[in-house]
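Visitor: Next up is a structure, given as structure tokens.
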Amino acid sequence: MKIAEYVGNNIVIIEPHGRLTVETTQYFRCAIAKRIDQGWNRLIVDLQNIDYIDSAGLGALVYAYTSCKRRGTRLVLVRVIGKNRELLRITRLLTVFDVYETTLEAERSFAQAPATTVM
């Protein structure tokens, strides 16, 4: 798996390429952990170049989300298309992640105040 990373406007964009499967999740997890450990608190994961996600790949996405949440980092997904979007819909993970159509929309979402939950 190849993972491109772009940094700008105090945001890191992580763009994995290939398949997010049991064979590749360690690289994805390391990329996320590295940026969290460096203190970044705004991450965008661009899934446009992910061809396939298996159950381990779903686990890696959940790991990324929970790791970020615990550290006060906001993680959003962009360009989740085709079968990958359907997989997130079926597993109800679309209700967990903030998902945007474009990187620009995701970047703009960081400027907005997070929604508060009323109990």
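Visitor: Take region 37-53 and flag every residue that is in contact with a Ser or Thr (Cβ under 9 Å, 6 or more places away or on another chain), surrounded by 15 or more Cβ atoms within 10 Å (Cβ to Cβ) and not acidic (Asp, Glu).
Guide: 40, 41, 42, 43, 44, 53
Visitor: Pairs under 7 Å by beta carbon, first residue closer than 16 Å to residue 14 by Cβ in region 60-85, partner of a type in the set (Lys, Arg), six or more apart or different chains?
Guide: Short answer, once both residue conditions are applied: 60/29; 63/29; 68/74; 74/42.
Visitor: (1) surrounded by fewer than 16 Cβ atoms within 10 Å (Cβ to Cβ); (2) over 19 Å from residue 103 (Cα atoms): which one isn't true of residue 4, the others all being true?
Guide: Condition not satisfied by residue 4: (2).
Visitor: Shifting gears a bit: Any chance you could count how many residues in region 96-113 are in contact with a helix residue (DSSP H, G or I) (Cβ under 9 Å, 6 or more places away or on another chain) and open to solvent by 80 Å² or more (accessible area, probe 1.4 Å)?
Guide: 0
Residue-wise test of (1) among the aromatic types (Phe, Trp, Tyr); (2) touching a Phe, Trp or Tyr at 6+ places or on another chain (Cβ under 6 Å); (3) within 18 Å of residue 98 (Cβ to Cβ).
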site: 12; (1), (2), (3): no, yes, yes
site: 17; (1), (2), (3): no, no, no
site: 23; (1), (2), (3): no, no, no
site: 26; (1), (2), (3): no, no, no
site: 33; (1), (2), (3): no, no, no
site: 36; (1), (2), (3): no, no, yes
site: 40; (1), (2), (3): yes, no, yes
site: 50; (1), (2), (3): no, no, yes
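Visitor: Return the residue satisfying two criteria in turn: it lies in region 57-89 and is assigned to a loop (DSSP other than H, G, I, E, B) and open to solvent by less than 30 Å² (accessible area, probe 1.4 Å), and of such residues it is modelled with the highest pLDDT.
Guide: Here the residue is 80.
The values are calculated or read from the model by the stated rules, or taken from the named source; none is laboratory data. Since the structure is predicted, the reported quantities are computational estimates derived from the model, not experimental observations. Reconstructed Cβ throughout: ideal geometry from the backbone, glycine too, with neighbour counts over all protein chains shown. These accessible areas exclude ligands, DNA and RNA; they are computed on the full protein's heavy atoms, side chains included. Shrake-Rupley method; radii C 1.70, N 1.55, O 1.52, S 1.80 Å.
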